[in-house]
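All remarks here apply to the structure that follows.
Quick note: the coordinates plus some simple rules give every number you see, no bench work behind them. Predicted model, so just to flag it, every value in this text is computed and none were measured. Virtual Cβ from ideal backbone geometry, glycine too; neighbours counted across all protein chains shown.
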Amino acid sequence: MIKMEESKQPLDFGVSQYGAYHCFGDKATEYLSCLKQPYADISNCNINNQDSEQYLIAIFVFTDNAEVYTSEIDTFIKRYKDFTNSIFILDLHSNLQYEAFRERWGLYNIILSSSYCTLQKSILHYLLFFYHFIEGPGFLNMDICDFKLCSRIATFIISGAASSLAHPIHPIPYKNELYKNNLRFVMLGIELKSINTREATRDMNILANFMNQLPEDLDFKCQISSNHGHPHTEYVVGFNKPLI
């Protein structure tokens, strides 16, 4: 079990000045320590209630099992709630009490692996999506409110990346009737080669065709990055139930 202790280190959130994470459990700690991602563990930073500049867009809490670490997570939320109004709880363990945890914490999701993406990579892409397309500027103005909305309306999530819009986004089974009703939201982050070329027009046509195939009641959010030169697509997908 991880014990939170005051740190004497100066405030330093690594690459990002707007987010941080914390882990409860050996698996979550091991995974996050091995990932090259933009956030630092908030427990390693010296937090001062008098410093308004330390307010964060989001804090991400990863846990091996929310049932085991419920009281620790409650304590963490009480401690850091004044530094952000967005504390996301990411459970690495699928459990039968997820409705109770959604009621308790609001921003609670069970993050899943898939046949195309390991759990560790799903965690990485989740954090990178937030860093690239919620923190970063874009053309369609997806923001933290959209991210929180999607977190609230689905329990089970998978994150990943594709080489382009034309490349299949595997966890989105929009052509499979068995899974269509299970989809709750799709968040897409898109980096184009350019916004002033025929390729950009082609990509927008692909995006429009893709959107037309999604269920009508699906929450769809999209952000086009203002950075160009490394065309790819990142995504976070939410489901009512885990994929079989």
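Figures for the structure shown
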item: Across K221/K241; K148/K241; K81/K121; K121/K148, pairs whose alpha-carbon gap is larger than 24 Å; result: K81/K121
item: Point-to-point label distance, Q213-D82, nm (Cα→Cβ direction, 7 Å offset); result: 5.1 nm
item: Length released on extending from A200 to I144, taking residue separation times 0.36 nm less the Cα-Cα span; result: 17.6 nm
item: Kirkwood hydrodynamic radius of region 20-167, Cα pairs, Å; result: 16.0 Å
item: DSSP bridge orientation in region 36-165 - percent antiparallel, rounded to nearest 5; result: 10 percent
item: Proximal charge balance of A162 [Cβ under 15 Å; K/R count +1, D/E count -1]; result: -1
item: Listed residues Y31, I110, L127: farthest to the positive end of the dipole of region 13-140 (Cβ charges); result: L127
